[in-house]
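The values are calculated or read from the model by the stated rules, or taken from the named source; none is laboratory data. Quantities reported herein were computed from a predicted structural model and do not represent experimental measurements. Here the Cβ positions follow ideal geometry from the backbone for every residue, glycine too, while neighbour counts run over all protein chains shown. Only protein heavy atoms, including side chains, enter the accessible area calculation; ligands, DNA and RNA are left aside. Shrake-Rupley method; radii C 1.70, N 1.55, O 1.52, S 1.80 Å.
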Amino acid sequence: MSLLSDLVNLNLSESTEKIIAEYVWVGGSGMDLRSKARTLSGPVSDPSKLPKWNYDGSSTGQAPGEDSEVILYPQAIFRDPFRRGNNILVMCDAYTPAGNPIPTNNRYNAAKIFSHPDVAAEEPWYGIEQEYTLLKKDVKWPIGWPTGGYPGPQGPYYCGVGADKAFGRDIVDAHYKACLYAGVNISGINGEVMPGQWEFQVGPAVGISAGDELWIARYILERITEIAGFVLSFDPKPIQGDWNGAGAHTNYSTKSMRKEGGYEIIKKAIERLAHRHKEHIAAYGEGNERRLTGKHETADINTFKWGVANRGASIRVGRDTEKEGKGYFEDRRPASNMDPYVVTSMIAETTILWIKN
């Protein structure tokens with residue numbers, strides 16, 4: 001008699017050319033990921049060759065019950081690390097039957113910005129540092145913490161090693177390898193300052209692909225924590241008090257910044273970001289005011305400042321960039337629950353297209 005695991009791990013290619021495509025999209029809250037699977041007649045590598053599909057938007061908070069059909073447009077394909085073989089994950093965005101983007105489709109506007117000739121010519125690169133917290137399922141308390149209690153103060157946990165410092169490494173490693181398998185350009189992982197909190201980095205990624213890759217990396221992590229029986233939290237301040245929050249620091253450069261003399265371009269870009277600080281903060285994630293307090297490696301939410309190697313700044317420039325006179329900068333303001341489509345496109349829009357009145 002077959003074990004359930006045997007059936008889950010069946011190699012379909014031994015008996016059929018058909019594959020399974022898992023369509024993934026962002027739900028009505030702007031942070032909940034949804035997915036469903038369909039059978040295709042054979043392998044597909046071009047998202048434009050995939051069929052559109054529909055779902056019940058009234059059950060995801062994205063359409064009224066009397067007109068509930070929402071259409072999924074496939075946008076990016078990744079290898080499926082769960083089913084493996086020729087099976088795929090498909091990152092989608094959502095439209096009305098008439099072909100209009102629904103209000104929660106932030107990818108649509110981001111793609112318009114990235115397709116602007118001035119933005120495309122600058123080839124914007126992104127590297128996103130996604131922090132997250134692993135919680136016990138039944139009590140919603142960080143793993144490794146005494147139930148209802150607190151561990152020792154911060155200090156030994158950042159990049160820590162040992163059973164009393166690192167909690168959930170098997171999940172983190174499984175996610176790392178699954179992302180590499182899927183084709184996500186994940187560039188690293190590390191334990192964070194608060195115990196039970198981790199970070200992975202996606203990038204460098206160009207333009208709209210940064211958002212696609214981060215959302216799929218989040219989806220893969222959500223699936224892995226589902227299997228492991230833990231809850232994944234992107235709350236920017238999951239535990240109140242003297243504990244670090246969770247962010248999504250966004251590293252950014254353009255072709256002009258990467259060339260000789262790029263440091264002057266970087267400083268001009270930072271000046272533009274300063275002028276639009278309030279607009280960016282409003283779009284950088286909910287609950288960010290609980291995180292951006294001026295403590296725990298953050299700048300106060302109402303203050304814009306930048307500095308070289310300053311982790312208490314809104315924008316940090318690295319020592320290497322200053323020394324070489326070219327490179328990139330890090331926007332430290334985005335919260336862990338930010339929408340990467342919004343954040344990446346807004347940074348490009350402000351630094352390349354926006355002109356101060």
Report task. Provide a single number: the residues in the range 93-118 that are part of a strand (DSSP E or B) and either within 29 Å of Ser15 (Cα to Cα) or over 23 Å from the mean Cα position of the chain (by Cα) (or both). Result -> 0
Query raised in the report: Is it true that some residue in the range 54-62 is touching a helix residue (DSSP H, G or I) at 6+ places or on another chain (Cβ under 6 Å) and not assigned by the TED database to the domain that holds Ala205?
Result: yes
Query - Residues that are of a type in the set (Ser, Thr, Tyr) and over 15 Å from Arg83 (Cβ atoms), drawn from the range 1-57 - result: Ser2, Ser29, Ser41, Ser45, Ser48, Tyr55
Requested in this report: Could you please tell me which pairs satisfy a Cβ distance under 7 Å, a separation of 6+ or placement on different chains, a first residue in the range 205-223 that is at negative phi, and a second residue that is assigned to a helix (DSSP H, G or I) and of a type in the set (Asp, Glu)?
Outcome: Ala205/Glu213
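Listed here are the residues, each with its yes/no results for (1) of a type in the set (S, T, N, Q); (2) assigned by the TED database to the domain that holds Arg79; (3) farther than 27 Å from Cys179 by Cβ; (4) touching a residue at least 24 places away in the same chain (Cβ under 8 Å).
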site: Pro236; (1), (2), (3), (4): no, no, no, yes
site: Ile239; (1), (2), (3), (4): no, no, no, yes
site: Thr250; (1), (2), (3), (4): yes, no, no, yes
site: Ser253; (1), (2), (3), (4): yes, no, no, yes
site: Leu273; (1), (2), (3), (4): no, no, yes, yes
site: Lys278; (1), (2), (3), (4): no, no, yes, no
Report summary line: Val70 passes all but one of the listed conditions (1) outside any strand (DSSP E or B); (2) in contact with an Asp or Glu (Cβ under 8 Å, 6 or more places away or on another chain); (3) open to solvent by less than 20 Å² (accessible area, probe 1.4 Å); the exception is number (1)
Query raised in the report: Which of (1) surrounded by 14 or more Cβ atoms within 10 Å (Cβ to Cβ); (2) aliphatic (A, V, I, L, M); (3) under 25 Å from Glu192 (Cα atoms) does Ala309 not meet, given it meets every other one?
Result: (1)
Query raised in the report: Among the candidates Ile301, Ile315, which residue alone is under 16 Å from Thr350 (Cα atoms) and aliphatic (A, V, I, L, M)?
Result: Ile315
Query raised in the report: Residue check, Ile224 against (1) of a type in the set (A, V, I, L, M, F, W, C); (2) modelled with pLDDT under 95; (3) touching a helix residue (DSSP H, G or I) at 6+ places or on another chain (Cβ under 8 Å), all met but one. Which one?
Result: (2)
**Report entry** Residues located in the range 133-149, provided they are touching a residue at least 60 places away in the same chain (Cβ under 8 Å) and either out of contact with any Asp or Glu (no Cβ under 8 Å at 6 or more places or on another chain) or open to solvent by 30 Å² or more (accessible area, probe 1.4 Å) (or both)
**Finding:** Leu134, Leu135, Lys136, Lys137, Lys140, Pro142, Ile143
Query raised in the report: If you take just the strands (runs of 3 or more DSSP E) that sit entirely in the range 1-65, which of them hold at least 2 residues that are farther than 14 Å from Leu89 by Cα and open to solvent by less than 80 Å² (accessible area, probe 1.4 Å)?
Result: 53-56
**Report entry** Meets criteria (part of a helix (DSSP H, G or I) and either open to solvent by 40 Å² or more (accessible area, probe 1.4 Å) or without any contact (Cβ under 8 Å) to a residue 12 or more places away in the chain (or both)) for Asp164
**Finding:** no
Query raised in the report: With Gln197, Gln130 as the choices, which residue is assigned by the TED database to the domain that holds Ser233, under 30 Å from Leu353 (Cβ atoms) and touching a residue at least 40 places away in the same chain (Cβ under 8 Å)?
Result: Gln130
Report task. Only strands (runs of 3 or more DSSP E) wholly contained in the range 172-238 count here; list those with 2 or more residues that are open to solvent by less than 30 Å² (accessible area, probe 1.4 Å) and of a type in the set (Phe, Trp, Tyr). Result -> 197-206
Report summary line: Residue set Ala348, Ala299; condition surrounded by 21 or more Cβ atoms within 10 Å (Cβ to Cβ) and either under 28 Å from Asn105 (Cβ atoms) or more than 24 Å from the chain's Cα centre (by Cα) (or both); output residue Ala348
Requested in this report: Return the residue satisfying two criteria in turn: it lies in the range 76-85 and is surrounded by fewer than 20 Cβ atoms within 10 Å (Cβ to Cβ) and of a type outside the set (A, V, I, L, M, F, W, C), and of such residues it is modelled with the highest pLDDT.
Outcome: Arg79
